[in-house]
Amino acid sequence: MQTQQRGATIWFTGLSGAGKTTLCRAVEQKLRENGCRVEVLDGDLIRENLTTGLGFSKEDRNENVRRIGFLAQMLSRNGVIVLVAAISPYRSARDKVRQNIENFIEVYVNAPLKVCEERDVKGLYQKARSGKIPHFTGIDDPYEPPLNPEVECRTDKETLEESVAKVLSKIETTNISTVASYARL
Ligand code: ADP
């Protein structure tokens with residue numbers, strides 16, 4: 001029963017091109033197939049529509065994360081499973097969000113910079129290397145990996161299906177009553 005669903009925030013962090021959006025959308029699909037109420041907060045879309053005007057300084061990046069976290073908290077306390085895909089490079093900002101959300105799962109979407117750069121899904125690394133995008137995470141801006149993520153997905157070593165199964169299995173262990181069989185989907 002949908003009304004019994006316990007909310008949660010699943011926070012996907014990692015470098016650009018590591019696979020956050022891909023993984024997020026695949027998890028979303030599985031959850032929806034299972035009748036769950038899900039919302040995806042995708043970093044790019046959020047910046048276009050909600051946190052418009054924020055830049056890429058440390059302060060602005062952390063403000064972006066804070067606002068996404070605020071929205072995720074409101075949704076997840078009302079029973080929604082919120083999937084956040086955002087680089088969210090600073091550990092302290094992610095940890096602050098964690099403190100405010102009861103059921104918080106941090107997923108470190110991990111692929112080496114070299115792999116992300118080779119993928120260069122949006123051509124951004126090439127632009128960053130040629131100086132057209134300053135302050136690009138991993139190139140000339142920091143990324144602080146989680147020290148103790150609930151889940152780590154090495155997207156250069158495991159298949160998308162394996163990564164999805166790990167995330168679903170972790171959600172299952174957080175006692176969301178309606179989704180007890182995710183991992184077997
Ligand atoms: P991000 O949202 O982190 O910037 P994207 O999801 O947009 O990254 O891009 C990741 C790219 O890596 C996609 O082209 C995706 O098909 C590819 N990829 C290869 N293997 C995996 C995997 N195991 N998990 C997720 N993405 C993968």
message: For the range 130-154, give me each residue that is more than 16 Å from Ala111 (Cα to Cα) and within 11 Å of the ligand (Cβ to nearest atom).
response: none
Test: Asp95 is within 12 Å of the ligand (Cβ to nearest atom), part of a helix (DSSP H, G or I), within 14 Å of the chain's Cα centre (by Cα) and surrounded by fewer than 18 Cβ atoms within 10 Å (Cβ to Cβ): no
query: Among the numbered criteria (1) loosely packed, with under 15 Cβ neighbours inside 10 Å; (2) under 19 Å from Pro89 (Cα atoms), which single criterion is violated by Leu124?
result: (1)
statement: By residue number, the members of the range 115-166 that are under 14 Å from Gly19 (Cα atoms) and in contact with a Cys (Cβ under 7 Å, 6 or more places away or on another chain) are Ser163
message: Which count do you get for residues in the range 13-27 that are within 6 Å of the ligand (Cβ to nearest atom), surrounded by fewer than 24 Cβ atoms within 10 Å (Cβ to Cβ) and within 16 Å of Glu161 (Cβ to Cβ)?
response: 1
- request: Select, from Lys127, Lys157, the only residue that is out of contact with any strand residue (DSSP E or B) (no Cβ under 8 Å at 6 or more places or on another chain) and within 12 Å of the ligand (Cβ to nearest atom).
  value: Lys157
- line: If we keep only residues of the range 99-121 that are more than 19 Å from Cys153 (Cβ to Cβ) and surrounded by fewer than 17 Cβ atoms within 10 Å (Cβ to Cβ), then the residue farthest from the chain's Cα centre (by Cα) is Asp120
- prompt: If you check Lys166, Lys170, which single one turns out to be surrounded by 14 or more Cβ atoms within 10 Å (Cβ to Cβ) and more than 15 Å from the ligand (Cβ to nearest atom)?
  reply: Lys170
- prompt: From the list Thr13, Thr9, which one is hydroxyl-bearing (Ser, Thr, Tyr) and touching an Asp or Glu at 6+ places or on another chain (Cβ under 8 Å)?
  reply: Thr13
query: Which of the residues belonging to the range 38-49 are at pLDDT below 95 and more than 12 Å from Ala85 (Cα to Cα)?
result: none
- request: Starting from the range 109-124, keep only residues that are within 24 Å of Ile10 (Cβ to Cβ), then list their pairs with residues that are at pLDDT below 95 and within 8 Å of the ligand (Cβ to nearest atom) whose Cβ atoms are within a distance under 8 Å, requiring at least 6 positions of separation or different chains.
  value: none
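The values are calculated or read from the model by the stated rules, or taken from the named source; none is laboratory data. From a predicted model like this one, the values you see are computed outputs, not experimental measurements. Glycine also receives a Cβ, built like all others from the backbone with ideal geometry; neighbour counts cover every protein chain displayed.
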